[in-house]
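Heads up: the structure comes next, in structure tokens.
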Amino acid sequence: MSISQTTETHAPPSKLLTGGKKLATSFVVILTTLLGLLVITFVVGRMVPADPVIAVIGDQADQATYDRVYKEMGLDRPLYVQFGNYLSDVVQLDFGQSIVTKKPVAEDLARVFPATMELATLATLIGACFGIPLGVIAAVHKGTWIDHTARVVGLLGYSTPIFWLGTIVILVFYAHFGLIPPGGRIYVYDEGLVQARTNSIIIDSILAGQWQVFWSAIHHLITPAIILGYAAMAYLSRMSRSFMLEQLRQEYILTARAKGLGQRPIVWRHAFRNIRVQLLTVVALAYCGLLDGTVLIETVFAWPGLGQYLTSALFVSDMNAVLGSVLLIGIISIAINLLSDIVYRFIDPRTR
């Protein structure tokens, strides 16, 4: 055998093979995470004292009807058998039927999730647009009244119960001043004017050219989004301040100042550039947190999203709806984190 053939035989794995291994590993981790999420939710759901059979037949049914429905729902089988049957259906994208709505869970999720995405997306944009500059400015003016004010604003947003703040806003700005709508997604007289194509009332109203419905949706969306955005702003400002303080202590900042570079280029062109990857990660985490943390604000503002749907399902132990909602949140959270990983590989070449 020649030297060239020996070299080719012992050549290192190609980039394609390495990438395939990483992709396979990521896929296994994702499946394991989702499976663990389903197992925990399923077991905890079966421990909830609410009786799903009563939710279906009512509390006036006789014992014979109760026993029949109990067996039809498969509740007489061992827990692992119930979970195995459910997992088999999920693989076929069948999430079962909701007890509350009497419709397939997949259809319900397609209807309610866009409303939650509208709310969480706008809240994240508000939080990022105000929180990140606030944190950077606070770090630059560390120890001054600007820094103290920013920290107090962030502390209030981080510690104030969101349902209490939402209730106070409704009492003041709706009940007293009449400046905001009481709740819901659009005004009653605007319902039915737009055909549901994407189930996002904002997108559907634009596609239909119904600008009255569009502004009605914005009017209803802006208040809960600001409240959620304030909570996100508190988190993002705190993290931005911490990241920026760490960068401002680095030697390259001292060198830039010694060379006479101005404050603005040092902060925004150099220091801020080096915290973009970290900020991208925390913004993704904040967005994921808002997607599964809108339960309280959706309840206060009667927002017909995933949070309100999940709350109603929990009250009657509608496990198909609960498991479907949790699985959807898990999938979206994983997808957002994977997307942020891909994006920051382009932002920072050192991570490639």
In the set 197, 238, which member is closer than 21 Å to residue 283 by Cβ and of a type in the set (Lys, Arg)?
238
Which ones in the range 197-241 are in contact with a helix residue (DSSP H, G or I) (Cβ under 7 Å, 6 or more places away or on another chain), touching a residue at least 12 places away in the same chain (Cβ under 8 Å) and more than 29 Å from residue 172 (Cα to Cα)?
198, 199, 205, 239, 240, 241
Filter the range 138-164 for residues that are closer than 20 Å to residue 298 by Cβ and surrounded by 17 or more Cβ atoms within 10 Å (Cβ to Cβ) and give the result.
157, 162
Inspect all residues belonging to the range 243-252 and state whether any of them is free of Cβ contacts under 8 Å to residues at least 12 places away in the same chain, more than 30 Å from residue 144 (Cβ to Cβ), not in a helix (DSSP H, G or I) and not aromatic (Phe, Trp, Tyr).
no
Go through the range 129-152 and give me each residue that's farther than 24 Å from residue 292 by Cα and either touching an Asp or Glu at 6+ places or on another chain (Cβ under 7 Å) or among the β-branched types (Val, Ile, Thr) (or both).
136, 137, 138, 140, 141, 144, 146, 149, 152
Do the conditions hold for residue 241, that is, is it under 30 Å from residue 140 (Cα atoms), surrounded by 13 or more Cβ atoms within 10 Å (Cβ to Cβ) and within 28 Å of the chain's Cα centre (by Cα)?
yes
Take the residues of the range 271-293 that are more than 15 Å from residue 125 (Cα to Cα) and touching a helix residue (DSSP H, G or I) at 6+ places or on another chain (Cβ under 6 Å): which is surrounded by the most Cβ atoms within 10 Å (Cβ to Cβ)?
271
Residue satisfying condition, being of a type in the set (Phe, Trp, Tyr), surrounded by 11 or more Cβ atoms within 10 Å (Cβ to Cβ), modelled with pLDDT under 80 and not assigned by TED's automatic domain parsing to the domain that holds residue 316, within set 27, 83, 42
42
I'd like to know if the range 227-238 contains one or more residues that are part of a helix (DSSP H, G or I), exposed (fewer than 14 other Cβ atoms within 10 Å of the Cβ) and in the same structural domain as residue 300 (by TED's automatic domain parsing).
no
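The values are calculated or read from the model by the stated rules, or taken from the named source; none is laboratory data. Treat the numbers as computed from the prediction; the structure is a model and nothing was measured. Note that each Cβ is placed from the backbone with ideal geometry, even for glycine, and that neighbours are counted across all protein chains shown.
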